[in-house]
Amino acid sequence: MCFFLLREQRRKTTAAEKGKIIVYRIKSVIAKRFPELFNLFNELEDSRKRAGYSIAEIVTGALFMHLFKEESRNAYTNDRRDAIFAKNYYRHFKLRLPHPDTIDGVMRVLKPELLEGLRAELVGSLFEQKVLRSSRFLGKYYFVAVDATGMHTFDHKHCDQCLTRTSKHGVTTWFHYVLEAKLITSSGLAISLASEFIENQPGRDYEKQDCEQKAFVRLAAKIKKYFPRLSICILADGLYPNKTIFNICRDNNWRFIITLKDGNLKTFHQEVELLRGIQKEQEVYRADKTSHTKLKYKYLNDIEYEEYNYSWVSCDEHKTRLSDKMEETQRFVFITDIEQASDIVVNTADGGRLRWKIENEGFNTQKNLGYELEHKFSRVSNIAMQNYYHLLQIAHMINQFVEKSSDLLELLNEHSKQTIKALWKELVMYLKSIPYSQEQLLIFLSG
Ligand SMILES: [Zn+2]
């Protein structure tokens, strides 16, 4: 009874209050998790002869376009035109907000590798703060999923680095892809460790275009350069089980759990079939009552492939749908260099299946839930495109911590249909409409 009354009497949070909560949570995540952010921006090499705005103001302006989930430079320009928005932005972040065209001018000349290095430094500080330690596999390895995704497509040659393909109907498209390495956790974080743009070298023969496999070699070198001592377990899809990838993992002292599809590694499969014929696989069962799922895990060790031994793991997931009592079984198969035993096979297979989060929490969120990854924030400059991409990754990282904070989770609970994307619209509305009051800020901070 009492609980019921409390719920009834509880006032719903207003739109302005929601916007305010998000602004302050963004500020507190930056202060707590990324305290060096603005200093690092300030230290970026600035090649401009004359500068009305500091380099930190320019880069912060671009970062906040993504943090606010603005869907285009035009939308950002319109918000910036609003005097209250610009004023509140300055009062909250102590930086002026340049015109998006001014920002774009700098994005076209800033070396993308500088923002890439800065990004790695920010992620590195998360490891130092040990905030991600509980997500480690076997108490040691961070899951790092690797996968490529499309960024932009054009009906004309956009730059010398464009990849190109011609359909069987003779239609040619030009496009850009990126290969990502994202740290994945079972709680749903997908934090970009490093990115490698899949693109052609100017003047090179288009017959020998860049591709995901070639880009992985470069991406692996980057991960090692930025995170030399990080214990990593690579998760990858059926494109990746091959000798080159296994060797790179071995050389870097990384572990791996890679999806095996029919047709991958023929001799490995033959060996597995042979062993299954003469020795029984080890089996472990698990039941998940809430999702009406039964899982059967199997493994085999010491399977030789190209002079090295690996393990084979499978997981059969058997689900009963309550609505129509329909039953469905899905099978997941992996190759791993982690020797299996009955006490780790469940974590290994479940870990392998986390790879999927790079597509959902990673690419899908960045494309469809406000970040507009496929939008051409710069139509003509490949350099600017890469700089916006790095800043989008930083913005998504900051926002993930904001979205997982208790007050944001509470807001989402309060309005069951309120999506995170809609909440961020309240944030922009708040900055546009609520005159800032020093007094309010002091009350908030003291609370
Ligand atoms: Zn291009």
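Every condition in (1) free of Cβ contacts under 8 Å to residues at least 40 places away in the same chain; (2) over 30 Å from residue 360 (Cβ atoms); (3) more than 16 Å from the ligand (Cβ to nearest atom) holds for residue 111 except the one numbered (1). Only one of the listed residues (124, 105, 117) is over 22 Å from the mean Cα position of the chain (by Cα) and of a type in the set (Gly, Ala, Ser). That residue is 105. Here residue 150 passes the criteria (1) crowded, with 19+ Cβ neighbours inside 10 Å; (2) among the small types (Gly, Ala, Ser); (3) within 16 Å of the ligand (Cβ to nearest atom) except the one numbered (1).
Just wondering, is there one or more residues in the range 207-220 that are in contact with an Asp or Glu (Cβ under 8 Å, 6 or more places away or on another chain), within 16 Å of the ligand (Cβ to nearest atom) and not assigned by TED's automatic domain parsing to the domain that holds residue 396? Yes. For the range 400-429, the candidate set comprises residues that are out of contact with any Lys or Arg (no Cβ under 6 Å at 6 or more places or on another chain) and hydroxyl-bearing (Ser, Thr, Tyr); within that set, the residue that is modelled with the lowest pLDDT is 416.
Scanning the range 29-63 for residues that are touching a residue at least 60 places away in the same chain (Cβ under 8 Å) and not in a loop (DSSP other than H, G, I, E, B) gives 29, 30, 33, 37, 40, 41, 59, 62, 63.
If the requirement is being among the acidic types (Asp, Glu) and closer than 25 Å to residue 360 by Cβ, which of these qualifies: 160, 101, 147?
Numbers: 160 fails: closer than 25 Å to residue 360 by Cβ; 101 fails: closer than 25 Å to residue 360 by Cβ.
The match here is 147.
Filtered by the rule that a residue be assigned to a loop (DSSP other than H, G, I, E, B) and either in contact with a helix residue (DSSP H, G or I) (Cβ under 9 Å, 6 or more places away or on another chain) or within 16 Å of the ligand (Cβ to nearest atom) (or both), the range 153-185 gives 155, 156, 157, 158, 159, 160, 161, 162, 185.
Taking only the range 322-340 into account, find how many residues are of a type in the set (A, V, I, L, M, F, W, C), part of a loop (DSSP other than H, G, I, E, B) and in contact (Cβ under 8 Å) with a residue 24 or more places away in the chain.
Going residue by residue through the range 322-340, those that are of a type in the set (A, V, I, L, M, F, W, C) are 322, 326, 332-335, 338.
Narrowing further to those that are part of a loop (DSSP other than H, G, I, E, B): 322, 326, 338.
Pick out the ones that are also in contact (Cβ under 8 Å) with a residue 24 or more places away in the chain and you get 322, 338.
Residues in the range 322-340 being of a type in the set (A, V, I, L, M, F, W, C), part of a loop (DSSP other than H, G, I, E, B) and in contact (Cβ under 8 Å) with a residue 24 or more places away in the chain: 2 in total.
The values are calculated or read from the model by the stated rules, or taken from the named source; none is laboratory data. Here the structure is a predicted model, which is why all the values come from computation and not from measurement. With ideal geometry, Cβ positions are generated from the backbone for all residues, glycine too; neighbour counts draw on all protein chains shown.
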